[in-house]
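The values are calculated or read from the model by the stated rules, or taken from the named source; none is laboratory data. Model, not experiment: these values are computed from the prediction. Ideal geometry is used to build each Cβ from the backbone, glycine not excepted, and the neighbour counts take in all protein chains shown.
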Amino acid sequence: MSDASAPLDRETFILTHTRLMPVPYAPEIALHVAEEATELWQKTEDELAVIGLPPPFWAFAWAGGQALARYLLDHPQVVAGRHVLDFASGSGLVAIAAAKSGAGRVEACDIDAFAGAAIGINAQANGVAILPRVDDLVGRDEGWDIICAGDVCYEREMAERVIGWLAALSARGATVLIGDPGRSYLPRERLEAVATYEVPVTRALEDAEIKRSSVWRLAG
């Protein structure tokens, strides 16, 4: 375990415990991801008791994020020249897809500082410019044209808080796209499916090797 008094070099930690690999459903993009999901998850749980290391959501290409990335890569006109926010970005996958699809400005936010570091590393690996933001932006409106959110509906409290905020952004004219494989708190009654994919995922973290995942447009 780490010395609780020693600062942790996030970039070194990420590069040490991941490998740069193509995303299964968006192979145009490569991410630094964990080869052994359970091993890295256990390591962060062990470190958590000592230095407060959060779970490594940034180390995996989740189903909803892969669906969003595929959709943007296949439909670049959706984000071309636009100001895009990738909310709860994790690895930065969707932000990278937006940048590769010609977005004018791309921001990727996450509350985990490790995700912020991973976003920067992955953006550099893919040769794109992204602004990582380690911040909770819920409730704020900075004029984004497109807001993407992958896999944000797995907890009731988080889903209600985030969807309420995203609905307000949609009501003022922003396009809100949600990538989700049908998690428990997805508000289907407020969503319109725009694409559906069969996405390969990590069996160690999901209940199947393929997750039917959709990209949804949220109404205000």
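Can you pull out the residues in region 197-220 that are surrounded by fewer than 14 Cβ atoms within 10 Å (Cβ to Cβ) and in a strand (DSSP E or B)?
Step one: of region 197-220, the residues surrounded by fewer than 14 Cβ atoms within 10 Å (Cβ to Cβ) are 198, 203-204, 207-209, 212, 219-220.
Matches in region 197-220: E198, R212.
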Legend entry - Search result, residues across region 54-89 that are over 11 Å from the mean Cα position of the chain (by Cα), in a strand (DSSP E or B) and buried (at least 24 other Cβ atoms within 10 Å of the Cβ): V84
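Let's see how each residue does on (1) under 28 Å from P24 (Cα atoms); (2) touching a residue at least 40 places away in the same chain (Cβ under 8 Å); (3) not assigned by TED's automatic domain parsing to the domain that holds R82:
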site	(1), (2), (3)
A117	yes, yes, no
N126	yes, yes, no
L131	yes, no, no
D135	no, no, no
G164	no, no, no
R190	no, no, no
E198	yes, no, no
T202	yes, yes, no
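Out of Y154, Y197, which single residue is under 16 Å from the mean Cα position of the chain (by Cα) and aromatic (F, W, Y)?
On the way: Y197 fails: under 16 Å from the mean Cα position of the chain (by Cα).
Answer to the check: Y154.
If you scan region 182-196, which residues turn out to be more than 15 Å from D151 (Cβ to Cβ) and surrounded by fewer than 16 Cβ atoms within 10 Å (Cβ to Cβ)? First the steps, then the outcome.
Quick first cut of region 182-196, residues more than 15 Å from D151 (Cβ to Cβ) only: 188-190, 192-196.
Of everything in region 182-196, those that are more than 15 Å from D151 (Cβ to Cβ) and surrounded by fewer than 16 Cβ atoms within 10 Å (Cβ to Cβ) turn out to be R188, E189, E192, A193, V194, T196.
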Legend entry - Tally, over region 153-162, of residues that are in contact with a strand residue (DSSP E or B) (Cβ under 9 Å, 6 or more places away or on another chain) and modelled with pLDDT of 95 or more: 1
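Just one of G173, G139, G179, G150 is at pLDDT 90 or above, in contact with a helix residue (DSSP H, G or I) (Cβ under 9 Å, 6 or more places away or on another chain), exposed (fewer than 12 other Cβ atoms within 10 Å of the Cβ) and of a type outside the set (K, R); which is it? Even if it seems obvious, please write down each step before you answer.
Numbers: G173 fails: in contact with a helix residue (DSSP H, G or I) (Cβ under 9 Å, 6 or more places away or on another chain); G179 fails: exposed (fewer than 12 other Cβ atoms within 10 Å of the Cβ); G150 fails: exposed (fewer than 12 other Cβ atoms within 10 Å of the Cβ).
That would be G139, the only listed residue that is at pLDDT 90 or above, in contact with a helix residue (DSSP H, G or I) (Cβ under 9 Å, 6 or more places away or on another chain), exposed (fewer than 12 other Cβ atoms within 10 Å of the Cβ) and of a type outside the set (K, R).
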Legend entry - Odd one out for V106 among (1) closer than 18 Å to W144 by Cβ; (2) in a helix (DSSP H, G or I): (2)
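How many residues does region 115-142 hold that are β-branched (V, I, T) and in a strand (DSSP E or B)?
Taking region 115-142 first, the residues β-branched (V, I, T) are 119, 121, 128, 130, 134, 138.
Now drop any that are not in a strand (DSSP E or B), which leaves 134.
Summing the residues that are β-branched (V, I, T) and in a strand (DSSP E or B) in region 115-142 gives 1.
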Inset, instruction - Check D180 against each of (1) over 15 Å from A69 (Cα atoms); (2) out of contact with any strand residue (DSSP E or B) (no Cβ under 6 Å at 6 or more places or on another chain) and name the one condition it does not meet. - result: (1)
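Taking the residues in region 120-132 that are out of contact with any helix residue (DSSP H, G or I) (no Cβ under 7 Å at 6 or more places or on another chain) and at negative phi as candidates, determine which candidate is surrounded by the most Cβ atoms within 10 Å (Cβ to Cβ). Steps first, please.
Initially, region 120-132 is screened for residues out of contact with any helix residue (DSSP H, G or I) (no Cβ under 7 Å at 6 or more places or on another chain), giving 120, 124-125, 127, 131.
Cutting the leftovers down to at negative phi gives us 120, 124-125, 131.
Numbers: G120: 18, Q124: 11, A125: 15, L131: 14.
That would be G120.
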Inset, instruction - Could you list all residues from region 90-115 that are surrounded by 19 or more Cβ atoms within 10 Å (Cβ to Cβ) and touching a residue at least 60 places away in the same chain (Cβ under 8 Å)? - result: G90, S91, G92, L93, V94, I96, A97, K100, F114
